[in-house]
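Everything on this sheet refers to the single structure shown next.
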Amino acid sequence: MATPTARATLVQRALARACEIQPQETRATLASFLLVFLLMGSYYILRPVRDALASDWTDAEVSWLWTFTFFLTFIAVSLYGTAVSRVRFQRLVPSVYGLFALSFTLFYVGSQTLSERVLLDKAFYLWVSLFSLFHISVFWSFMADTYSKQQATRLFGFIGAGASAGGIAGPAAASLLVGDYGTDVLLLIASALILLTLPIIRWLQRLKLTDLHNDNVAAGAADLSIGGSPMAGFSEFLNSRYLLAIGLFIFFYTFIGSFVYFELKNLLGVYDRETSSQI
């Protein structure tokens, strides 16, 4: 039987084939991979449920929901900017994910208690769209706060593969479970996956100091909060040609993807909600 030391060596050798990793970085890298795997898995469990709801609505209704999503996102990003400037980052990250985990549990309770679910379903559609923005952006902010620039260059490619793995596992799990348990229970499963990220986040915050020795990386000497105003991110975006180019790319990407989304929505309209969630 292999000893713990031998198993650790095997893991390090396997990781060395995927990225240029140092032995002291192994635990933090694997924890980061697992963290983004769980986050992406939870989102891709929820996404089929959200899109199945849209197949029950007209194009006009979905268009209005997208408009509301824009304003909701603007407000949420502003509030997050306020929180970032006033709350310690080590507390902010688990708080964001804890809020989303609680919210999806409450959506499940609402789905089991309300007889008229139209408004609840549309609120869920908006909330999952907001989650799609925050779950990954907050994760990479956390990674930037955990790893040095030199470590990020070597390790972020492997860590990012965890997002791809979660994007595969999430819809696969949804497809397997929805036939036996329905769509509502997927909200509880996604909530549980998000809750599992909280101890991993706390562990990574410790590994940053004990294994990575990155006490001075970003705002991470975790007694500090990040300065700035709620609108600082918007100002930075407008003053950077690089960020403006990225924004323009995303605009055209979303513009084209919108046509595809509406066509897929209309194709799914002939199926019931559970079947749509499996496709």
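The numbers here are math on the coordinates, done by the rules we state, and not lab data. All values derive from a computational prediction rather than experimental measurement. Neighbour counts are summed over all protein chains in view; Cβ atoms, including those assigned to glycine, are modelled from backbone coordinates with ideal geometry.
Data table
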| read-out | value |
| --- | --- |
| Under the Karplus curve 6.51 cos²θ - 1.76 cosθ + 1.60, θ = phi - 60°, whole-Hz ³J(HN,Hα) for region 86-92, x wherever Gly or Pro sits | 10, 10, 4, 4, 5, 8, 5 |
| Packing rank of 192-202, 32-42, where each peptide gets the mean count of other beta carbons within 10 Å, highest leading | 32-42, 192-202 |
| J(HN,Hα) series, region 61-68, from Karplus relation 6.51 cos²θ - 1.76 cosθ + 1.60, nearest Hz, glycine and proline x | 5, 5, 4, 5, 5, 5, 5, 4 |
| Value of relative contact order over region 77-192, rounded to a whole percent, pairs C-alpha under 8 Å and six or more apart | 46 |
| Linear extension gain, ALA192 paired with ALA169, 0.36 nm per residue minus alpha-carbon span | 6.8 nm |
| Region 22-75 shape via C-alpha gyration tensor axes, a/c threshold 1.5 | oblate |
| Sequence of ASP180, ASP145 once ranked by neighbouring C-beta atoms within 10 Å, starting from the fewest | ASP180, ASP145 |
| Sorted by Cβ density within 10 Å, fewest first, the residues ASP121, ASP56 | ASP56, ASP121 |
| Calculated P(r) tail over 25 Å for region 75-196, as whole % of Cα pairs | 35 |
| Sequence of ASP215, ASP51 once ranked by neighbouring C-beta atoms within 10 Å, starting from the fewest | ASP215, ASP51 |
| Dipole of region 15-140, positive end: most advanced residue of TYR44, PHE100, TRP66 [Cβ charges, Cα centre] | PHE100 |
| Calculated FRET value between ALA60 and LEU238, using beta carbons and R₀ = 51 Å, to 0.05 | 0.95 |
| Using alpha carbons only: equivalent-ellipsoid semi-axes of region 19-140, gyration tensor based, whole Å | 31, 18, 14 |
